[in-house]
Ligand code: NAD
C-alpha cells in the first residue's frame, strides 16, 4: 500500500502545540483544545490549548519574574539575540512561508513575503540595541547636566490579528524585547500555528525563560486577564475597531497604556493625467492582494470623470484574467479568504451593497465547483458606489472594491477623507503639484504617490489617524517609543542648592 499523501496526513492530523510559559511548552492532558484549518482545503493545520484566565496570569507571572534580569541585560546583547532570531527565520523561511499560506490562505509569494517582513524587522530592530538613544539638553543652571534615557516599561501584552500572522507578532515582540521588556503574546486563534512557530525561533536561540510567553485561546478570556493584570504595564493591540475600543476602555480603567492599530478604508485616487496602466497594476495588487485582507488594502477606487469609463473597462477586462485558486500554486493570483467567519462577513457586505443599490460590476459571489468546494473562495468583486453608502464607508476586509467617480482634485480629497478611518491612501498623477498637495491633504498615516495603498517597509513608521488608531506608530525608528518610558535625569555638580525658575540669570 502506498503511503498517504502529505495532504491526506494534514487533513487527518494537526501539529500539536502547547502554551509557552517560562521557557517550557506546556500541554496539560485534559485541557480543552481548538484547531486551525487550511482555508483553501479544510485540512487541519494545528491544535492548540484553549488557555484559561489562570494560564494567562501564570504567563504574566513568568514574564514579571524574568523582567528584572532581562532589563539589566545590556541592550546590545538583547539585540544580538534578536539577530540570531532573524537568522533562524531566514533559514526556516520556505517552511514558515508555506505554513502562513496553509494556515491563513494568502498566496505563497505573499506567505514568503510575510516571513521576509519578519526577518527584515527583526534585523532592523536588533540594531536598536546599540542605539536606544536619549538626548542631552543644556540646563538653565550652572554646573548641572540634563539628559533623558529610555527605560523598558515592564511586562507587555501583545494581542495580534491573523492577516500578517508572522510579521505583526514579530513587530511587537522584537521591538518590546530589544527595549528590555518581557512579553506575553496572545495571537489570533485561526493563525496560532504561525505564532507558535515564531516563538519557537526565539526559544531556539536561547532567550531566557519567561522573557517571551505564548498564550493561545479566546480573545476575551485571555485578553481580559492580560489587560486586567496590574503587572502588565502596556497593551499592544492590532485588530478590528470594535475589539480595539473594548481593549482600550478596559485598559483605561487601569490607566494602562494601550497602543491600537486598527482598521482602514483606504482610497486610491486616479487623476485624469495618470499613467493608467501603472494605476491598473496598482489597483489589482492593492485591492485583491491577500484577498483584500490587509489593513492597508485598496478598498475604494476614486476615478476622475475624464478617464472613469475607459479605466473601468480596462479594469474589468484585467479582473477576468485574475486566477483564484490553490494559494500554494505560484501561478495563482488570489487564494481563499482566511476563514468561514471571514467568508460570511464578506458575503454579507456583498448583499448589503446589492440592497443599497450599488451596481455590481463583477464577482459578487462565493466560488463553487472543484477545488473551490473545499475552501472559502470569493470572486474578486467590484461595485460602482455612491460616496456615503455603507460599502463606501465601512471596512469590508475582503476582495471587494468600491469604485467612486469624481470631478476634480478637491472633490477626490473630500471623498477620500470622508470616512472614519485614516490608515493608507494613494494618488496616481503625473502632476507634481497635486502629488505634493496630496501629502498635506489626504487624512491618513500613510500616503503613496504612483503606488497602491499597500507596501509598507519596516524602516518607516506604520500607523494611522482617526479611528485607525490612537496616535502611536509601529516600525521605523519610532517603534521602540511604544515600549519605553523616557526618564529625565538632572545631575547637579555645583555643590549648592540651585533653584530652577527662581535663580536670576547671570
Ligand atoms: P480582531 O479584532 O477580531 O482580533 C484581533 C485580536 O484580538 C485577536 O488576537 C483576537 O483573539 C483578540 N481579541 C478578540 N476579542 C478580544 C477582547 N475582548 N479582548 C482582547 N483581545 C481580544 O481582528 P482580526 O479579525 O484578527 O483582524 C482584522 C482586523 O485587524 C481588521 O480590522 C484590520 O484592519 C485590522 N488590522 C490592522 C492593522 C494595522 O496595523 N492598523 C494591521 C492588521 C490588521
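The values are calculated or read from the model by the stated rules, or taken from the named source; none is laboratory data. Quick caveat: nothing in here was measured; it's all calculated off a predicted structure. Cβ placement follows ideal geometry from the backbone for every residue including glycine, while neighbour counts extend to all protein chains displayed.
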Residue 168: passes all of (1) surrounded by 24 or more Cβ atoms within 10 Å (Cβ to Cβ); (2) at positive phi; (3) out of contact with any helix residue (DSSP H, G or I) (no Cβ under 8 Å at 6 or more places or on another chain) but (2)
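Taking the condition more than 16 Å from the ligand (Cβ to nearest atom), over 15 Å from the mean Cα position of the chain (by Cα) and surrounded by fewer than 23 Cβ atoms within 10 Å (Cβ to Cβ), does residue 418 pass?
Numbers: more than 16 Å from the ligand (Cβ to nearest atom): yes; over 15 Å from the mean Cα position of the chain (by Cα): yes; surrounded by fewer than 23 Cβ atoms within 10 Å (Cβ to Cβ): yes.
Yes: the conditions hold for residue 418.
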Pairs, first in a helix (DSSP H, G or I) in the range 423-437, second modelled with pLDDT of 95 or more, C-beta under 8 Å, six or more apart: 434/271; 434/409; 434/427; 435/427; 435/429; 435/449; 435/450; 437/409
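Output the residues belonging to the range 471-489 that are within 20 Å of residue 256 (Cβ to Cβ), more than 11 Å from the ligand (Cβ to nearest atom) and either part of a loop (DSSP other than H, G, I, E, B) or without any contact (Cβ under 8 Å) to a residue 12 or more places away in the chain (or both).
471, 481
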List every residue pair whose Cβ atoms sit under 7 Å apart, with the two residues 6 or more apart in sequence or on different chains, where the first one lies in the range 184-196 and is in contact (Cβ under 8 Å) with a residue 24 or more places away in the chain and the second, anywhere, is within 8 Å of the ligand (Cβ to nearest atom) and outside any loop (DSSP other than H, G, I, E, B). 184/226; 186/159; 186/222; 186/223; 186/226
If I ask for residues that are surrounded by fewer than 24 Cβ atoms within 10 Å (Cβ to Cβ) and outside any loop (DSSP other than H, G, I, E, B), which ones from the range 202-222 would you list? 203, 204, 219, 220, 221
Yes/no for residue 222 being within 14 Å of the ligand (Cβ to nearest atom) and either in contact with a strand residue (DSSP E or B) (Cβ under 9 Å, 6 or more places away or on another chain) or not assigned by TED's automatic domain parsing to the domain that holds residue 390 (or both): yes
With assigned to a loop (DSSP other than H, G, I, E, B) and either within 16 Å of the ligand (Cβ to nearest atom) or at pLDDT below 95 (or both) as the only criterion, which of 364, 388, 398 stands out? 398
If you go through the range 289-336 one residue at a time, how many are in contact with a strand residue (DSSP E or B) (Cβ under 6 Å, 6 or more places away or on another chain), within 16 Å of the ligand (Cβ to nearest atom) and not in a strand (DSSP E or B)? 2
Top-ranked residue of the range 251-274 - restricted to ones that are in a loop (DSSP other than H, G, I, E, B) and within 16 Å of the ligand (Cβ to nearest atom), ranked as farthest from residue 228 (Cα to Cα): 265
Only one of 475, 479, 456, 444 is under 30 Å from residue 126 (Cβ atoms), in the same structural domain as residue 75 (by TED's automatic domain parsing) and in contact with a strand residue (DSSP E or B) (Cβ under 6 Å, 6 or more places away or on another chain). Can you tell me which? 475
